[in-house]
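**Student:** Structure provided below as structure tokens; questions to follow.
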Amino acid sequence: MLIIPAIDLKDGKVVRLWKGDFQKATVYEDDALKVAQRWEKEGAERIHIVDLDGAKTGVPCNLDIVQKIAKIGIPIQFGGGIRDKEIFKRVIDSDISYLILASGLKNKGFFDWAMENYWKKIIVSVDSCQQEVYLEGWQKKSKLDFKGVGKFLKHAGIKRIIWTDIKRDGTLEGLDILALRKVLEIIDLPLIVAGGVSSLEDIRKLKRFSSPNLEGVIIGRALYEGRFSLREAIDVKI
């Protein structure tokens with residue numbers, strides 16, 4: 001199971017939001033490259049980067065920073081404002097390994113084009129609260145519920161998703177294991193989970209899951225606030 005450290009960018013700084021609320025952002029570092037280098041030293045196999053400004057406005061605003069991080073050589077999964085062909089091409093030309101789409105799914109022409117040409121590089125982000133799905137930086141509710149989105153993604157040929165539990169994201173409240181079990185029952189796709197990790201016990205619980213579809217976990221605030229190190233999380237034994 002991949003242990004994936006998160007870097008969320010807002011106004012060029014590394015932040016964490018409380019349940020996706022842009023008004024409740026905690027700044028942890030001004031230099032995102034420095035943070036990425038720290039994750040590299042601690043053994044990261046992949047880094048999760050979200051351009052929060054891009055998710056809100058619809059256009060990536062921190063791509064220059066992400067391009068610098070990409071030069072480190074660690075695979076990056078990046079999202080936030082990738083909603084049309086022009087932006088997609090800019091990102092794909094930046095040595096970024098995986099592109100995360102969420103609101104871009106609403107544009108059928110763009111989504112079909114991206115899947116036809118770059119399906120191996122696409123991860124779809126499903127951000128939900130009580131099985132309702134949210135888009136545009138979690139500001140708008142999707143017309144599809146969680147089950148409907150799951151059926152659509154599998155039919156569309158998506159190979160993996162990121163499931164973020166909005167009500168726990170950035171809260172350090174621990175994983176909602178019951179909700180995760182339901183997600184894995186509904187969506188028969190490789191899944192990376194995010195939202196609420198607070199301790200190494202959360203990592204142990206995930207490693208005890210029997211589902212072959214659980215690919216990894218994204219960790220943010222718990223790392224930034226020193227609950228444990230990335231190396232400790234990677235080395236967790238059941």
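The values are calculated or read from the model by the stated rules, or taken from the named source; none is laboratory data. Since the structure is predicted, the reported quantities are computational estimates derived from the model, not experimental observations. So basically every Cβ, Gly included, is an ideal-geometry build from the backbone, and we count neighbours across all protein chains shown.
**Student:** Restricting to segment 156-173, name every residue that is under 21 Å from SER211 (Cβ atoms) and either surrounded by fewer than 16 Cβ atoms within 10 Å (Cβ to Cβ) or touching a Phe, Trp or Tyr at 6+ places or on another chain (Cβ under 6 Å) (or both).
**Tutor:** Result: GLY157, LYS159.
**Student:** Checking ILE203 against (1) surrounded by 21 or more Cβ atoms within 10 Å (Cβ to Cβ); (2) at pLDDT below 95; (3) of a type outside the set (Asp, Glu), which single condition isn't satisfied?
**Tutor:** (2)
**Student:** Let me ask something additional. In segment 206-235, what count of residues is obtained for those that are more than 18 Å from the chain's Cα centre (by Cα), without any contact (Cβ under 8 Å) to a residue 60 or more places away in the chain and surrounded by 14 or more Cβ atoms within 10 Å (Cβ to Cβ)?
**Tutor:** 5
**Student:** Could you please give the count of residues in segment 31-75 that are within 23 Å of ASP235 (Cα to Cα), surrounded by 19 or more Cβ atoms within 10 Å (Cβ to Cβ) and among the hydrophobic types (A, V, I, L, M, F, W, C)?
**Tutor:** Residues meeting the conditions: 6.
**Student:** If a residue has to be at pLDDT below 90 and not in a strand (DSSP E or B) to count, how many in segment 10-26 make the cut?
**Tutor:** Number of matching residues: 2.
**Student:** Working only within segment 62-82, note down all residues that are in a loop (DSSP other than H, G, I, E, B), more than 17 Å from SER125 (Cα to Cα) and free of Cβ contacts under 8 Å to residues at least 40 places away in the same chain.
**Tutor:** Residues of segment 62-82 in a loop (DSSP other than H, G, I, E, B): 62, 71-75, 80-82.
Now drop any that are not more than 17 Å from SER125 (Cα to Cα), which leaves 62, 71-75.
Residues satisfying the conditions are LYS71, ILE72, GLY73, ILE74, PRO75.
**Student:** Kindly evaluate GLY79 against the criterion of being buried (at least 22 other Cβ atoms within 10 Å of the Cβ) and at pLDDT below 70.
**Tutor:** Answer is no for this residue.
**Student:** Within segment 30-48, does at least one residue satisfy the condition of being over 16 Å from SER97 (Cβ atoms), out of contact with any Leu (no Cβ under 7 Å at 6 or more places or on another chain) and assigned to a loop (DSSP other than H, G, I, E, B)?
**Tutor:** yes
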